[in-house]
Structure formats: C-alpha cells, structure tokens
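The structure appears right after this line, and notes come after that.
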Amino acid sequence: MSESIGGRSNGERSELRSFGDRVLILVVLGFLMQLIVLGRLVYLQIFNHEAYQTQSLNNRIQIQSIAPPRGLIFDTNGEILADNRQILSLALVPERIDDVDVLFEKLSGLIELAPGELQAYKERIRGRPKHDPIVLKRDLSDREQALLAVNRHELDGAVVTYETIRRYPYGEKFVHAIGTVRRIAKEDFDSIDRVNYRGTQFIGGTGVERFYESSLHGTVGSRSVEVDASGRPTREQPEDLTPPNRGASLTLYIDSKVQLAADSALGDRRGAIVAIDPQTGGILAMVSKPTYDPNQMLSGTNSEEVRQIYAHRDKPIFNRAVQGNYAPGSTLKPVVGLMALSEKMTDWDEVIVDEGNFNLPGSHQVYRSWNRTSTSAGGHGRVDMHRAIYRSSNVYFYTLGSRMDIDVLAGFLSQRFGLGRRTVYDIHEAGTGVLPTREWKESTYSEPWYAGDSVILGIGQGYINVTPLQLATMATVLANRGAWIQPRMLKRSDQHLVEVVEEPESRRAVLESAEMSQHWERMALAMSAVVHRGNRGLDQNGTAWAYIGINLPYTMAGKSGTAQVIEASREGEEIEDEERDEYERNHALFIAFAPFKDPVIAVAVVVENGGGGSREAAPLARAVIDAKLQSASMVAQND
C-alpha cells in the first residue's frame, strides 16, 4: 500500500515537473514577445518617430491650393472692364465620393441641376487630381445653401465653398472687345502648368483674356488644413500659408465712352464697328452684334441655354469685328486710286466718261453703275479721280481695275495697308481676310485670273474679303497719309508681361517721293468731299453729305461702300434690294477719320444686309466720332 502511494507520488512529481517546464517555456516565450514588442515600440517611438509622425500628420493635414486672384482689366480712363467677385458654389471632391450616381440622385432631390450635368462632371474629372474640387453649380441661392447645409451628413464629397469668378460690369457691351474666360477643359492640361492651375476653374477663352492669359492668371498659393476622419476641414494651419500672387492688371486703349456710343449706334442690327487711334494704334472701340452676356455664361446659364446661344442663326458668339469676312465694296476705291497713282497708271487730271456701263474690249459682259434705275443707265458724266471718289464712280474704277496687274495691287494692299495679313498685335483670333492673287486663285479654284476679276476688284467686289478690323486699319493708314502703325489693345500693365516678347510696331512713316506724299493728301481731301461737299445740285454732292455732312462741326474724311452678298447681274453698289430676303441684301460699309488735320480716330462700320453705305453706315460712324470728339476744344476745331 505504501509502495502504491509512493509510486503515485513519483508520477505526480514527474507530471508536476513536466507542467513546470511548460509553464517556464511559456513564461520565457511571453517575456521574449514582450521584449520584441517593447523593442518595436522603442524603434517606432524613438528611432522612427519623425517618419511616422509625418505620416500621421499627412493623414490629418491636407494641402489645399489657393487660386490666385485674376488680374483686373481697365479702359484707357481707368474704368473697370473686368474684375472678380466672390460667390458660393457647390463643388464635388472626387476622392471623397463613394458612388457618384447616388450622390447626384440625392443632390437632384435638393437643388435643380441641368440635364446632362452628371455626364459633364464625369468628363471634367478626367486628367484632374482627385483632390481638386469640381464646381457643379455656381452662385447658390439662400434656399439652396440652406437645403445643402441641412442634408450635409448625407452628401459626402459635396462641399459648399466660396469661389472667385470673373465679372464683366458692362456685360454684353464689351464682350467682343476684351474677350472672356471659359471653364478649363481636359485638353487644356496638355498646355498649362497643372500645379499653377490647381484650384483654378477658368482660363482665358477669347480676346485679351486669352492673349494675356499667363500674365492675368497669377501664381497659385497653398494652405494646410486639418481634417476630421471623414475628410472635412476642421482647422487651418496659418503658419503654413503660402499666399497666391495676383495676376497682372491691364489697361487697354479701349475708351468706354466710344465703345458705348458704338454699341448704341449699331443697336439691334447685325454688324461690327471698330475704332482706332491713328496716333498710337490703340483700339478705342470694338463692337460686334448680336452679342451675349458673358456673366450669364460663367455663373448661371445651363448647358441647354449655352447650346441655344451657339446654335443661333445670327451667331452671337462669333466676333464679326475680327473674324467676319466682307467684300470692302467702294471703301477700297481710295486705296485702288492710290495704287494706280503710285504705278503711274493714271493721274488726278485724267478724265473718264462715265455713262453708267463698262465693257472689256471684245466682251459682252456689262459692268454697271450703282446709281442706275429701271429707266436710266446712271453714271456720273465726266469724272476725274477727285470726282470719282466723292461720287463713287464705278465706271472710273472699273477702268482702273482693267489696267492693273492683280499681283501688283495685292502687294500694295498687303504692304501698305496690311490686307491679307494678321497685323493686330494682341487679338489671338483675328482673321486675315482674303487677298487674291493669280497663285491664290489657281490653288483655290484651279482657274486662271481673268481680266473680269480685276475689273470688279477695282470697286472692292469679287474674291477680296476683309475684316472690320482690317477696314479700320486701312482707314488709319489713310488718316496717317501712308504712315503705318500696328493696331493693339494693350496700353500698359502694372507687371511685366510674359506675352510681350517684342513691343508693337510704332508709327512708321514710309520714305517716298514728294509726289506720292501729295497723292496721299489729295486722296484725304477727296474723302473729305464725300462728307462735306454739298448744296451743289444733282449728282454734284458727296455721297454721304446728306446723311452726315450737314452742320457737321468738325472736318471728317470718309468713304461709303456697299458690298454684294449675292451676285446679281454685276449690279455694283447702292442697288435697291429691299425685295430680296433679308439675309441676301447688300452690306452697308463706311470708313472715316477725324479731325482732318491730326486725326485722333479712324472708324470702320459694317452693317450686315443694311443696304446703302452712306445712308445706313455713315450715321453710325459719325456717332462714334462725335463721342470721341465731344470735348469743346476738339469740336470747335475748324479744319
């Protein structure tokens, strides 16, 4: 019995020793694990503290871009033409959105969203950083702000934020003069500095806003913002603020008084008016009608309304002043006359008998006078150069056209007046018009240049096309008696402009003979007779005298023109066309400069489908010039 007990005691002792060994092993293992954990903690907390603190802060701190304030635009007298205003906008942050379709469904139940906005949003986020907010709706109303605030907990990724957008105080009256900004598109990221444009929603789209975009934009800033677990900002870190640099502010040659006078004169008619200061080349006014309000496009217009604006038959987006192509009509006659004089094809004393019709030798094609009627061929009798200008004799300039080499004429028009070229310094979208040559016609139509082509080019018809800006430039050269100056918008800036690589061409007189200088002066006198020669009887007055010349308190030089829209039996200008469809009627044109001595303004007017240039376009030119010459000293000047 004792042995049995002793045996059991030995077994128990053996088990106890085995159990103790296991416990010891576990204790040792546990101690080793604690040492490992403790060592890891020491490594993390002491040796790698800064790295993990930075990572923690990065999860808690966001770096947000601060878009720079866009530079302001002023007119020549300091009037604000473009500035910035703050609005509240709804934006979406892509990286915080789990399901964009669900979010849009919730938002649509709270505020009005334009059709197709979801698809537009998906297109706009392509190629952009996921943390960049994408504005969905601008200029929120008080009610919309309240609804979004109440439902904020259900709208992860949607934020209401202050936004600075462009404001144009004069709206549609200046949009074609200074241009406008537009929303940044995905294709823009191929050409812009993505870092510098973070937080920026708009970029220069047209006009001055586009040409000087890099300088107007400025330099992006940044700030550090502490966010909560859901990514919402809770506190700014002011010590980490890097302020943005404001963009350059521009002062233009545009004169608000002249611009508003041009806008009022053109009214609801389609067309364009451009005015230039011949002394500086500065563009004083640039109006294109119809027009549109850029403020609505930037803040409140939905995609359907935008589509309607772009699809409108009269194309309000289209800047007729710099892109519209028109036959110059009889406004080209002074230039054709100067070319003929320079090449000694005629002189001021040569007399041509104008009986209303012109034929090339051996041809049955009849080229007619503008003043023909159903009972008379019209014409102006015996005409020399001076009379041919103030009465606008077609037959006289048909004759000159028939004598000319088209390539010589084209060279004169290009070199002395800038036709067929883009000569303006800082309007990106300015067109070149069409200046035909033999080579041009062969390459365009696979046809030779015919003698008849030169005949109608003599009165500014046929293949030649010009923009209203080119017409105003032509009037500027005539005002300067042949001296060239490059048209430009910019007068000065408060910062260096990266776009100004070379200064615009200054006024440049051409060294020419005393005889040619006299031709320029005599042509200006003939153009003055267009406006001021009156009370002389039938067929003796200047073509514009009855419409603008009576009691004019200063001396103006001008030339009317009427450009055919459709060819109608070689009708020439001033033909009665009221029976045609409105859009097939002739365009009315007028160029002018004033005062006669030391001109300070040159103007070109185009009224689409307006009819006669003297009747319809000349009064508009006078209204613009009146606005410029409204000071008593200028109006009292008697040339």
Original post:
Under the Karplus relation 6.51 cos²θ - 1.76 cosθ + 1.60, θ = phi - 60°, what is the ordered set of whole-Hz ³J(HN,Hα) values for the stretch 331-348, x standing for Gly and Pro?
Top reply: 5, 7, 4, x, 6, 4, x, 5, 5, 5, 5, 5, 8, 6, 7, 7, 9, 6
Subject >> Nearest-ten-degree value, helix 618-628 long axis tilted from longest Cα axis of the chain >> reply: 60 degrees
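Give, in nm to one decimal, the length gained when the segment between GLU154 and ASP188 is fully stretched (0.36 nm per residue of separation minus the Cα-Cα distance). Mind dumping the intermediate values first?
Working: separation 34, 0.36 × 34 = 12.24 nm, distance 3.35 nm.
So the chain would gain 8.9 nm between GLU154 and ASP188.
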**OP:** Just tell me which lysines come within less than 25 Å, Cα to Cα, of LYS344; anything on the same chain fewer than 8 places away is out.
**Re:** LYS333, LYS559
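Between rounded, prolate and oblate, where does the stretch 481-543 land on the alpha carbon gyration tensor, with a ≥ b ≥ c its root eigenvalues, rounded for a/c under 1.5, else prolate if a/b exceeds b/c? Intermediate values should be presented prior to the final figure.
On the way: a/c = 6.21, a/b = 2.14, b/c = 2.90.
The shape class here is oblate.
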Original post:
Here are several values of percent of Cα pairs over 37 Å apart: [x] 50; [y] 59; [z] 43. Which one was derived from the coordinates shown?
Top reply: [x]
Original post:
For the charge dipole of the stretch 367-478, defined by +1 on Lys and Arg C-beta atoms and -1 on Asp and Glu C-beta atoms about the Cα centroid, which residue among GLY379, ALA475, TYR398 has the Cα displaced farthest towards the positive pole?
Top reply: GLY379
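Could you give the length gained on full extension between GLU123 and SER141, defined as 0.36 nm per residue of separation minus the Cα-Cα distance, in nm? Don't skip to the answer; put the middle values down first.
Working: separation 18, 0.36 × 18 = 6.48 nm, distance 2.60 nm.
Separation in residues times 0.36 nm, less the Cα-Cα distance, equals 3.9 nm.
Could you order the peptides 500-506, 345-351 from most to least packed, using the average number of other C-beta atoms within 10 Å per residue? Let's see the in-between values first.
On the way: 500-506: 11.0, 345-351: 13.7.
Packing order, densest peptide first, comes out as 345-351, 500-506.
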**OP:** Along Cα→Cβ, 7 Å out, is where each label goes; now give me the distance between the ones at VAL500 and ASP99 in nm to one decimal.
**Re:** 5.7 nm
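Under the classification rounded if a/c is under 1.5, otherwise prolate if a/b is larger than b/c and oblate if not, where does the stretch 100-189 fall, given a ≥ b ≥ c as square roots of the Cα gyration tensor eigenvalues?
Numbers: a/c = 2.23, a/b = 1.43, b/c = 1.57.
Here the stretch 100-189 falls in the oblate category.
Which of the residue pairs LYS130/LYS491; LYS106/LYS186; LYS441/LYS491; LYS137/LYS257 have a Cα-Cα distance greater than 30 Å in the structure shown?
On the way: LYS130/LYS491 41 Å; LYS106/LYS186 27 Å; LYS441/LYS491 39 Å; LYS137/LYS257 35 Å.
With Cα atoms farther than 30 Å apart: LYS130/LYS491; LYS441/LYS491; LYS137/LYS257.
I'd like to check one number: the per residue accessible area of the chain, probe 1.4 Å, reported in Å² as a whole number.
Numbers: 30120 Å² over 639 residues.
Result: 47 Å² of accessible area for each residue.
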Subject >> Degrees, to the nearest 10: 2-42 long Cα axis against longest axis of the chain >> reply: 20 degrees
Subject >> Cα gyration tensor, the stretch 64-252 - rounded (a/c under 1.5), prolate or oblate >> reply: prolate
Original post:
For the peptides 369-382, 589-602, 157-170, what is the packing order when you average, over each peptide's residues, the other Cβ atoms within 10 Å and list the highest mean first?
Top reply: 589-602, 157-170, 369-382
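How much length is gained if the chain between GLU355 and THR161 is pulled fully straight, taking 0.36 nm per residue apart and subtracting their Cα-Cα distance, in nm to one decimal?
Details: separation 194, 0.36 × 194 = 69.84 nm, distance 7.44 nm.
In short, 62.4 nm is gained.
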Original post:
What value, in deg cm²/dmol to 500, does the helix sum -39500 (n - 2.57) over DSSP H runs of n ≥ 4 give at 222 nm once divided by the residues of the chain?
Top reply: -10000 deg cm²/dmol
Original post:
Sorted by average packing, counted as other Cβ atoms within 10 angstrom per residue and highest first, what order do 327-336, 108-117 take?
Top reply: 327-336, 108-117
**OP:** Kindly list the residues of the stretch 331-352 that lie in the label zone of VAL434, defined by a backbone N under 14 Å from the point 7 Å along the Cα-to-C-beta vector.
**Re:** none
**OP:** Can you work out the PRE-style zone for GLU79? Point 7 Å along Cα to Cβ, and I want the residues of the stretch 243-266 with backbone N under 20 Å.
**Re:** 249-266
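The values are calculated or read from the model by the stated rules, or taken from the named source; none is laboratory data. This structure is a prediction, so every number in the text was calculated from the model and none was measured. Note that we place each Cβ from the backbone using ideal geometry, even for glycine, and neighbour counts take in every protein chain shown. With ligands, DNA and RNA removed, areas are computed over all heavy atoms of the protein, side chains included. Shrake-Rupley method; radii C 1.70, N 1.55, O 1.52, S 1.80 Å.
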